[in-house]
Amino acid sequence: MTEKTFSIIKPDAVEGNFIGKIVGRFEEEGLKIAAMEMRHLARHEAEGFYAEHKARPFFGELCDFMTRSPVVLMVLEGKDAIAKNRKIMGATNPANADAGTIRKLFSKSVGENSVHGSDSPEAAAREIAYFFRGISVYSKK
Ligand code: CMP
């Protein structure tokens with residue numbers, strides 16, 4: 001099924017100069033960049049985006065990290081985009097990520113893991129709407 005998902009290239013990957021390589025991996029795997037914006041998140045945006053993790057001990061650290069440098073916000077589109085994106089990213093903890101995945105190639109730790117990707121159609125719809133107005137989560141194709 002053609003669908004859309006939401007992706008963030010996180011501050012560690014922007015600082016490491018890996019934007020092009022990461023976007024290239026998505027394109028090589030057949031995902032299209034349907035929307036893209038690079039900017040420095042405000043604290044309230046990071047807190048709102050990760051609100052489901054508010055009670056976790058790493059929440060403050062996560063929001064500090066996500067506002068440390070600019071990020072690249074993207075909508076990716078393609079066949080089975082949600083699952084495909086998660087496969088290309090690799091496991092949340094880079095120590096457990098498969099060879100060749102973005103997190104295996106570029107990430108230092110579970111906290112600084114280079115990319116975010118929606119984990120379900122519901123999350124994709126919510127996350128796309130959080131950052132991009134006027135983008136339908138449904139595809140015409
Ligand atoms: P992400 O997929 O963006 O969603 C939530 C994020 O919380 C996750 O990636 C990690 O970067 C971060 N995270 C998860 N577990 C930990 C942890 N134990 N310590 C710090 N950050 C974490």
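The values are calculated or read from the model by the stated rules, or taken from the named source; none is laboratory data. Because the structure is predicted, anything quoted here is derived from the model rather than measured. So basically every Cβ, Gly included, is an ideal-geometry build from the backbone, and we count neighbours across all protein chains shown.
Restricting Ala55, Ala97 to residues that are touching a Gly at 6+ places or on another chain (Cβ under 9 Å), of a type in the set (Gly, Ala, Ser), free of Cβ contacts under 8 Å to residues at least 12 places away in the same chain and farther than 16 Å from Ile8 by Cα narrows the list to Ala97.
Residues are listed down the side, and each one gets a yes or a no for (1) within 10 Å of the ligand (Cβ to nearest atom); (2) assigned to a loop (DSSP other than H, G, I, E, B); (3) within 19 Å of Phe59 (Cβ to Cβ); (4) more than 16 Å from the chain's Cα centre (by Cα):
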{"site": "Ala99", "(1), (2), (3), (4)": "no, yes, no, yes"}
{"site": "Lys104", "(1), (2), (3), (4)": "no, no, no, no"}
{"site": "Val110", "(1), (2), (3), (4)": "yes, yes, yes, no"}
{"site": "Ala125", "(1), (2), (3), (4)": "no, no, no, no"}
{"site": "Ala129", "(1), (2), (3), (4)": "no, no, no, no"}
{"site": "Gly134", "(1), (2), (3), (4)": "no, yes, no, yes"}
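Looking only at residues of region 54-97 that are of a type in the set (S, T, N, Q) and within 15 Å of Ile22 (Cβ to Cβ), we find that the one that is farthest from the ligand (Cβ to nearest atom) is Ser69. Let me confirm something: among Met74, Met66, which residue is under 20 Å from Arg25 (Cβ atoms) and either charged (D, E, K, R) or modelled with pLDDT of 95 or more (or both)? Every option except Met74 fails the conditions. Of all the residues in region 68-94, those that are touching a Pro at 6+ places or on another chain (Cβ under 8 Å) and closer than 15 Å to Ile9 by Cα number 4.
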